[in-house]
Every structure is written in C-alpha cells, then in structure tokens.
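The values are calculated or read from the model by the stated rules, or taken from the named source; none is laboratory data. All values derive from a computational prediction rather than experimental measurement. Cβ: placed from backbone, ideal geometry, glycine included. Neighbour counts: every protein chain shown.
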Amino acid sequence: MRFFSIVGLIVSLGFAVAVNLAHGAETFITLASTTSTQNSGLFDHILPRFMAESGIEVRVVAVGTGQAIRIARNGDADVLLVHHRPSEEKFVEARYGIDRKDVMYNDFVIVGPIADPAGIRGMSDAALALSKIVSASAVFVSRGDDSGTHKKELGLWVAADIEPTVNSGERYRETGSGMGATLNTASAMSAYTLVDRGTWLSFRNKRDLAVMVEGDARLFNPYGVILVNPALHSHIKAEAGRRFIDWLTSTTGQDAIASFRIGDKPLFYPTTR
Amino acid sequence: MNDFSDAFIAAFSLLIQLDADLVEIVALSLTVSLTAVLSAAVIGMPLGAALAIGSFPGRRMLIIAINSLMGLPPVVVGLVVYLMLSRSGPLGVLGLLFTPTAMVIAQLILVMPIIAALTRQVVEVLWAEYEEQLRSLGATRWRALPTLLMDGRSQLLTALLAGFGRAIAEVGAVMIVGGNIDHATRVMTTSIALEVSKGDLALALGLGIMLVLIAVAVNGLSWLIGSPGQDRLLRSKRGGGYGRQQYPAARTR
C-alpha cells in the first residue's frame with residue numbers, strides 16, 4: 001500500500017498548495033494593455049514606482065488592442081491602456097469605460113531589410129512607401145490580428161489606395177500574432193513591416209532589419225487610459241483604478257514614463273510635455 | 001547560427017544565478033501542473049476504472065468521447081474556460097479569471113481524459129486476464145478493483161506522467177486564462193512565449209532547456225517511487241490473498 005500512501009500524500013499536498021494559491025488577496029488592479037507596452041519593458045520600469053507610492057499592485061494582461069478592449073468590455077480588467085484612438089472613443093461612447101485620458105505617445109516606423117529592394121529608405125510619406133513596396137513586389141508582413149498596430153497599418157493602405165489582401169499569403173503575409181512574432185517573421189524573411197518604436201527599440205532579434213520610413217504625421221501613436229465603467233460591473237476596483245490613472249497622468253507618473261530609455265533613446269513621450 | 005550555443009549559455013547562467021523571479025516562475029509551473037494532474041487523477045482514475053469493468057448503458061459512447069477528448073486543443077479549452085470564468089460568464093462571480101486556480105482548471109480539463117483513457121486501458125487488460133480467478137475467489141467487480149489498480153500501478157504512474165507532460169508543456173490554455181501576469185500567473189511556457197515575442201531567442205531557448213530539465217527531474221523522481229524493484233518487495237510482503245504469485249497458475253489453465 002506504500003504506493004497509494006505516497007499518492008495520497010502528494011494529492012493532499014497539492015490541495016494544500018491550491019488553497020494557498022486561492023488565498024493571498026492583497027490590493028491589486030488588473031490592467032488590460034497592449035503587447036507594445038509590456039514587451040518594451042515600460043511596465044517593469046514604472047509599475048514598481050507606482051506600487052511603492054500607493055501600495056497597489058498592477059497586474060498586466062498584455063494582448064493586442066482588440067483583445068484588450070474585449071477583456072475590458074467583459075469586466076475582466078479594471079483599467080484599459082491601449083493605442084487606437086477611434087476604438088477608445090467608441091469604447092467610452094458605448095459606456096463600457098469612463099474618464100479616458102491621454103497618457104503618452106511615440107510613433108510607428110516602417111522597418112525593412114538593409115538591402116531595401118523597394119528603395120524606400122529615408123522616405124517620410126508612409127502611404128507612398130507602402131505603394132512602392134507593392135510595386136517593387138517586395139514582401140510585407142502584417143500583424144493581421146485586429147491590434148492597434150494592425151488597424152494603423154490598414155489605415156495607411158487605405159491612404160495609399162491599395163487593397164493589400166489581393167497578395168495575401170504571398171507578398172502580403174498576415175501572421176495573426178503579436179508584434180514580436182511578426183518582427184521575428186519579418187527578420188527571418190527579410191521583409192518590410194510596420195512597428196511601434198517602443199517595441200522596435202527593445203526588440204533583440206533585428207538581424208538585417210533597419211528603420212526605413214519615419215516622421216510621417218500619420219505614424220503618430222498615442223496611448224490612452226480608460227477606467228472600466230464601475231456602473232456596469234460592481235466588482236471593478238474603481239478607487240484603486242482611478243488612483244493609477246491619476247498617477248499615470250500626474251507629474252510623477254509622466255516623469256517616470258519619460259525616464260524610461262534604452263541607451264539614450266526615450267521609448268515613450270509623456271503627453272503633458 | 002549561434003542561437004543554440006547562446007541558448008545553452010543562457011540556460012547555464014539561469015541555473016547558476018537562480019534568481020528569485022525564475023524560482024517563482026518554476027515553482028508556479030510545478031504547483032499548477034502537479035495540482036492539475038493530481039486532481040485529474042482523483043477524477044480520471046475512478047472514471048477510467050468504472051469504464052473498464054462496469055457495464056452500463058452509454059459506456060461505449062463514453063469511452064469514445066473520453067478517447068477523443070485526449071486530443072482537445074489547449075487554445076480551445078483556454079477559450080471555453082475563459083468564457084466560463086469571465087465576469088460576464090456564468091461563473092464570473094467567483095472572480096477566478098487570471099488566477100492560478102483558473103490555470104489549474106484549464107489543465108485539469110486537458111489532462112483528465114488522458115488519465116481516464118489510459119486507466120481504462122490498463123484496468124481493462126488486467127480485468128480480462130484475471131476476471132475468472134478473482135471471481136473464483138469470491139470478489140465482485142467492484143471488490144476486485146483495488147487489486148487491479150494495485151497490480152497496474154506502474155502503468156498508472158505512466159498515465160500520470162503522460163498527463164503531467166501535457167500539463168507542464170502546454171501554453172495556449174494558461175496564456176488565455178492566466179494572462180501571463182508577472183508575479184501572479186507567469187509560468188515557464190508563457191515566459192518562453194514572452195521572450196520569443198521580445199526577440200530574445202537565446203533566453204527563450206534557455207528557459208526551454210530548463211523546462212526539459214525539470215520534466216526529467218519529475219520523471220526520474222516518479223521512476224524512483226514506482227520502480228520495478230519495489231514490485232518484488234511488495235509482492236513478497238503481501239503473501240496470501242490474491243497476490244500476484246498466484247496468477248501464472250490462472251494462465252496455464
């Protein structure tokens with residue numbers, strides 16, 4: 001019977017641990033946000049400071065903007081921090097969220113192989129650059145995942161008056177995954193792609209990719225923060241969530257964002273500057 | 001391609017440094033997966049045994065269902081558990097989403113069919129072999145069950161390990177229901193996915209090597225517990241009753 005007593009011991013141990021896991025309810029809020037803010041390391045830089053000041057732990061679920069908004073709409077997060085203004089405004093209009101505030105911004109860049117088969121290096125017109133990529137029959141990798149970056153890219157195709165999906169699966173590759181996975185694909189295929197500057201600067205697998213196009217006003221990338229409407233979901237930690245939003249937009253929070261740099265380059269610019 | 005050598009260096013330095021974050025991640029991985037496997041065993045083993053020796057309507061259908069569920073895609077399980085546990089879902093009031101408990105539930109659903117199906121297989125074979133003899137000794141189906149389970153314990157351990165292998169290696173379900181939250185629900189596999197998305201392939205592969213080492217350690221440990229050497233020990237201690245030493249006689253008939 002030794003075997004069963006050992007199994008019994010392990011089972012009871014397992015349940016004891018499970019009970020322990022369910023315990024440990026300190027003050028925390030859940031933040032639904034985008035992969036760009038997490039992958040760049042911004043949260044690792046600013047959240048410990050907020051915790052030290054307020055005693056509130058911020059638990060980040062980092063997914064694409066589309067999915068983050070769905071999580072917030074279901075009431076599974078207290079605060080939403082994303083980067084697609086039209087979706088944010090729709091979210092607030094539908095009363096899913098309240099108190100939208102601008103937090104920070106950076107910009108998107110078009111990156112591509114150093115060999116630059118489409119000859120777009122140094123251009124500042126993003127839409128024109130995309131049409132040159134198409135006419136040169138070069139490969140473009142798209143997020144294809146309903147994220148903020150994907151929506152921005154689709155907007156640029158509209159501006160260029162091109163329907164990219166006619167080349168879907170060939171010269172237009174929709175990865176349907178996060179920014180990192182898409183960059184990995186682009187660097188493996190020596191293809192062009194659109195990326196937010198924060199993720200780009202912190203990305204470690206660039207291989208022969210480099211920034212090709214930047215500085216177009218249409219590449220502006222603002223981030224907004226929204227409190228999930230506590231009137232819709234009674235469990236929303238509105239007070240703690242508001243403290244976080246107030247801190248982010250306060251001088252201390254904005255300074256914390258500005259002080260996050262890789263090398264000497266800032267990844268995000270606080271809105272109040 | 002020096003990603004591989006970089007990966008081994010990364011894995012090695014992870015092992016040497018053994019920083020607190022990594023220990024936390026490894027501990028959570030083991031806790032979640034072991035809890036899931038053991039709870040799945042508590043449900044799956046009796047279920048499998050009942051399917052093996054019981055006779056009730058729908059038994060065959062249930063066997064087919066359990067066997068098919070072994071191939072459940074983790075992402076689908078993750079999604080279903082997410083929808084159930086979401087605040088807008090039927091079990092939302094429990095507030096379990098994005099907690100380790102949610103991850104245990106998802107892995108339990110993935111692992112339970114494997115343990116149940118393999119248990120059924122093991123018990124069915126043993127029952128076919130020893131039914132006559134056990135009956136002649138006056139044991140009913142259900143009275144014979146402990147003996148059958150005891151006799152098949154090393155195969156049952158393999159069933160547990162198969163379940164553990166699925167649980168510890170799985171990323172799709174725990175990513176969705178856990179959310180890969182730092183210091184809360186981040187486990188080995190979701191860390192690896194995160195490092196891949198940061199483009200730090202060497203660190204990702206290094207974490208992968210650590211994951212394999214942990215799996216080896218768990219399997220080695222369980223081999224020690226259920227090693228064949230102990231079978232002999234238990235058999236000689238057990239003596240009479242319907243111990244294994246009597247079975248060859250049954251076979252010769």
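Data overview
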quantity: Odd one out for residue A:87, checked against (1) of a type in the set (Ser, Thr, Tyr); (2) surrounded by fewer than 20 Cβ atoms within 10 Å (Cβ to Cβ); (3) not assigned by TED's automatic domain parsing to the domain that holds residue A:249; calculated: (3)
quantity: 2 or more residues over 21 Å from residue A:63 (Cα atoms), in contact with a Ser or Thr (Cβ under 8 Å, 6 or more places away or on another chain) and outside the structural domain of residue A:96 (by TED's automatic domain parsing): qualifying strands (runs of 3 or more DSSP E) within the range A:125-243; calculated: A:209-213
quantity: Answer residue from the range B:178-206, given it is among the hydroxyl-bearing types (Ser, Thr, Tyr), within 13 Å of chain A (Cβ to nearest Cβ) and part of a helix (DSSP H, G or I) and is nearest to residue B:48 (Cα to Cα) among those; calculated: B:190
quantity: Qualifying position, being closer than 26 Å to residue B:27 by Cα and in a helix (DSSP H, G or I), among B:150, B:175; calculated: B:175
quantity: Top-ranked residue in the range A:189-212 [being surrounded by fewer than 22 Cβ atoms within 10 Å (Cβ to Cβ) and of a type in the set (S, T, N, Q); ranked as farthest from the other protein chains (Cβ to nearest Cβ)]; calculated: A:190
quantity: Filter result for residue A:175 (surrounded by 16 or more Cβ atoms within 10 Å (Cβ to Cβ) and free of Cβ contacts under 8 Å to residues at least 40 places away in the same chain); calculated: yes
quantity: Any chance residue A:50 is free of Cβ contacts under 8 Å to residues at least 24 places away in the same chain, buried (at least 20 other Cβ atoms within 10 Å of the Cβ) and of a type in the set (A, V, I, L, M, F, W, C); calculated: no
quantity: Exclusive hit being within 14 Å of chain B (Cβ to nearest Cβ), more than 26 Å from residue A:69 (Cα to Cα), touching a residue at least 40 places away in the same chain (Cβ under 8 Å) and surrounded by 20 or more Cβ atoms within 10 Å (Cβ to Cβ), set A:186, A:126; calculated: A:186
quantity: Single condition residue A:120 does not satisfy, out of (1) closer than 30 Å to residue A:192 by Cα; (2) of a type in the set (Val, Ile, Thr); (3) within 14 Å of chain B (Cβ to nearest Cβ); calculated: (3)
quantity: Count of residues meeting criterion [without any contact (Cβ under 8 Å) to a residue 24 or more places away in the chain and outside any helix (DSSP H, G or I)] in the range B:121-147; calculated: 2
quantity: Some residue of the range A:35-44 being more than 15 Å from the chain's Cα centre (by Cα) and either surrounded by fewer than 23 Cβ atoms within 10 Å (Cβ to Cβ) or in the same structural domain as residue A:197 (by TED's automatic domain parsing) (or both); calculated: no
quantity: Any hit, the range B:166-175, residues being without any contact (Cβ under 8 Å) to a residue 60 or more places away in the chain, more than 9 Å from chain A (Cβ to nearest Cβ) and among the charged types (D, E, K, R); calculated: yes
quantity: Condition check for residue B:118: in a helix (DSSP H, G or I) and among the hydrophobic types (A, V, I, L, M, F, W, C); calculated: yes
quantity: Count - residues of the range A:71-83 that are under 15 Å from the mean Cα position of the chain (by Cα) and within 12 Å of another protein chain (Cβ to nearest Cβ); calculated: 2
quantity: Residue that is surrounded by the fewest Cβ atoms within 10 Å (Cβ to Cβ), among those in the range A:90-122 that are aliphatic (A, V, I, L, M) and closer than 21 Å to residue A:265 by Cβ; calculated: A:114
quantity: Answer from B:94, B:157 - the residue that is in contact with a Phe, Trp or Tyr (Cβ under 9 Å, 6 or more places away or on another chain) and not small (Gly, Ala, Ser); calculated: B:157
quantity: Number of positions in the range A:45-70 that are within 14 Å of the chain's Cα centre (by Cα) and facing chain B (nearest Cβ under 9 Å); calculated: 4
quantity: Residues located in the range B:22-74, provided they are surrounded by 20 or more Cβ atoms within 10 Å (Cβ to Cβ), of a type in the set (Ser, Thr, Tyr) and more than 22 Å from residue B:191 (Cβ to Cβ); calculated: B:39
